[in-house]
Protein chains: 2
Amino acid sequence: MFYFDDGPGHDRTAPDTRSLHAFAPGAELRHDRLTGEPVLVAAHRQTRTVSSAGGDCPLCPSRPGHPTEIPAGDYHVAVFENRFPSLGGPVGGRCEVVSFSSDHDRSFAGLSDARRFTIGRAWADRTAALSAVPGVEQVFVFENRGAQVGATLSHPHGQIYAYPYLPPVQASVLRAARAHRAAGGGCLLCPIVADQAAGPLVVAETEGFVAFVPEAARWPYEVHIAPRGCVPYLTGLDDEGLAELMYLYGDVLSRFEDLFGDGETAYMACWHQPPLHQTDLTHFYVQVFTTRRSADRWKFLASSESGAGAFINDVLPETAAERLRNVRVRGRA
Amino acid sequence: MFYFDDGPGHDRTAPDTRSLHAFAPGAELRHDRLTGEPVLVAAHRQTRTVSSAGGDCPLCPSRPGHPTEIPAGDYHVAVFENRFPSLGGPVGGRCEVVSFSSDHDRSFAGLSDARRFTIGRAWADRTAALSAVPGVEQVFVFENRGAQVGATLSHPHGQIYAYPYLPPVQASVLRAARAHRAAGGGCLLCPIVADQAAGPLVVAETEGFVAFVPEAARWPYEVHIAPRGCVPYLTGLDDEGLAELMYLYGDVLSRFEDLFGDGETAYMACWHQPPLHQTDLTHFYVQVFTTRRSADRWKFLASSESGAGAFINDVLPETAAERLRNVRVRGRA
């Protein structure tokens, strides 16, 4: 159990009073001989906790007589190992849960600047720690927000998967980065960021970071946030840089939430860091996207996407950028 | 407009009496520099026809005063170009719709053996014709069945996409096949089929074909149907082989439909043929899968799958095979 606080002076020594069965990860890593890609089989997860009610939420603080996953009676940010992990055990790797707040009804977009920074610090610290776990090849920080993208808990939280293998998307990026290097280029992402930084695809920006819709966006609304400079991993940012990034990240999430005026747009947020020890081929970026196409339509991944991997995006990226730029975020002037 | 009939003697000369605006495909092929993959942007499709009611179904036969996409007053199988295509125009390629029956309330699983064969013949004929269209690199036959996988029309039908580029999944298979060849192997798929043909993953089989759950299945329920011999393309089957395959295919679709006892399991069915002119690296297979995990749960592609491409399957493939073998199909003894 790791606590990260917005400031010093908090007692986080409360013990876990529950008597729990030790979990048996039991996942298995298989190899798809047709595509050459790894697939995790994790049959034990069919019975995992599904809850959106406040009363029995496992991420709310423990109360007398109601112990939860988090022993503390109050907390800022808490990180712990997932009790229904896809990774771990014989397969290797680790799955962690990051609770963003003890307040069940918040979302990331509604958190203070101080809390956003604390979460960023937690992510950077856990990235460093998990990168040092033997066998881990990729640390992947993410948030699934909303039932429409499969979130099983509504309490504001994210997850970290430390994969003991290179996931297919990161493998593709690595392949593209190596081809770019072989053709005489430097970092794969740097020229992409430079190309977008002043164009019609920009959604929001700060001095050190830019948020833009990728030119070949796969999803109806998709934004990449990247440093303008070449910072390979999240761990390479100083406090000032991290605070600036987390501010911009929260701004982008607010735009997604309010995209259709009801504050309820489900989204996925994925922190793409290079594979471990690949520090000079490309740098990190955050990918935020939703499958919501309009107020009442959602993008399905049908046969073209799910069977052939051929994405068809119904929203022009330039139109998506304009709409995201113009979102009127609740609670802002 | 192409009609395929279960037998001779049908007049299919009825003209299209509608005055339609010529469609402007207007899609654009973009290149994702990060992953090296193509993405289609097709903004004009946001307004495409969505209908599940019988009264205004565009795939029902034309009636006096109610012309549809299909001029005939009755038909067996009809193939025509999609009026809201993702492909075509400056991008190249083609999108076709294949209606399986004039009966709005059927599903593929409920069709006669004769009709299944006619559909197979239509697919083989269109595969041959579209393979000859300049610029086409991959002919992809598929069916999306059910609203849960994004089907916008409930009339029994499939589609054919003739991609002017190699889709990412087929590119992965080609890469794996070339690596297999470089390591001294022959066809990539032949030894996989041989390995599964007598094992616990078999769901159903005929003399020439076997249907099995892949060892590293990505989806809760997924079946591959492949010839035991090395037949690269659907066009390489004789009538007898095609009839046998279409019988087994219909059997597998019946098992999917009835998997949870309500006859309503949505599925995707994808015909994976090798890229054009790659006749000796691998052979064709059909992939049938559903995102339904249980009677009331569906698999979401959340951040691990959608962001990292790292699939986590909650159902053990061996368990899926056993359940699919034991499905009690409606209307059978």
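The values are calculated or read from the model by the stated rules, or taken from the named source; none is laboratory data. Just so we're clear, the structure is a prediction, and the values are computed from it rather than from any experiment. Cβ atoms come from the backbone with ideal geometry, glycine included; neighbour counts cover every protein chain shown. Side chains included, ligands, DNA and RNA excluded: accessible areas come from the protein's heavy atoms. Shrake-Rupley method; radii C 1.70, N 1.55, O 1.52, S 1.80 Å.
Look at (1) open to solvent by 10 Å² or more (accessible area, probe 1.4 Å); (2) among the aliphatic types (A, V, I, L, M); (3) under 26 Å from A:LEU166 (Cα atoms) and you find that A:LEU316 fails only one, number (3). Has the stretch A:151-160 got at least one residue that is open to solvent by less than 20 Å² (accessible area, probe 1.4 Å) and among the polar types (S, T, N, Q)? No: the stretch A:151-160 contains no residue that is open to solvent by less than 20 Å² (accessible area, probe 1.4 Å) and among the polar types (S, T, N, Q).
Taking A:HIS277 as the residue in question, decide whether it is open to solvent by 10 Å² or more (accessible area, probe 1.4 Å), under 14 Å from the mean Cα position of the chain (by Cα) and not assigned by TED's automatic domain parsing to the domain that holds A:ARG145. The answer is no for A:HIS277.
One residue alone among A:ALA204, A:ALA243 is assigned by TED's automatic domain parsing to the domain that holds A:THR319, part of a helix (DSSP H, G or I) and open to solvent by 10 Å² or more (accessible area, probe 1.4 Å), and that residue is A:ALA243.
Which one is farthest from the other protein chains (Cβ to nearest Cβ), of the residues in the stretch A:230-240 that are in a loop (DSSP other than H, G, I, E, B) and touching a strand residue (DSSP E or B) at 6+ places or on another chain (Cβ under 9 Å)? Steps first, answer last, please.
Here is the first cut: in the stretch A:230-240, the ones in a loop (DSSP other than H, G, I, E, B) are A:230-233, A:237-238.
The next check asks that each one be touching a strand residue (DSSP E or B) at 6+ places or on another chain (Cβ under 9 Å); those that pass are A:233, A:237.
Details: A:TYR233: 16, A:LEU237: 21 Å.
Once the filter is applied, the top-ranked residue is A:LEU237.
Scanning the stretch A:58-116 for residues that are surrounded by fewer than 19 Cβ atoms within 10 Å (Cβ to Cβ), assigned to a strand (DSSP E or B) and either at positive phi or acidic (Asp, Glu) (or both) gives a single hit, A:GLU81.
Residues being assigned to a helix (DSSP H, G or I) and facing chain A (nearest Cβ under 9 Å): count how many of those fall in the stretch B:152-190. Let's see the steps before the verdict.
Start the filter on the stretch B:152-190 by keeping residues that are assigned to a helix (DSSP H, G or I), which leaves B:168-182, B:189-190.
Narrowing the set further to residues that are facing chain A (nearest Cβ under 9 Å) leaves B:168-173, B:175-177, B:179-180, B:189.
Residues flagged as assigned to a helix (DSSP H, G or I) and facing chain A (nearest Cβ under 9 Å) within the stretch B:152-190 amount to 12.
Scanning the stretch B:129-138 for any residue that is open to solvent by 30 Å² or more (accessible area, probe 1.4 Å), part of a helix (DSSP H, G or I), away from chain A (no Cβ under 14 Å) and touching a residue at least 60 places away in the same chain (Cβ under 8 Å) turns up at least one such residue.
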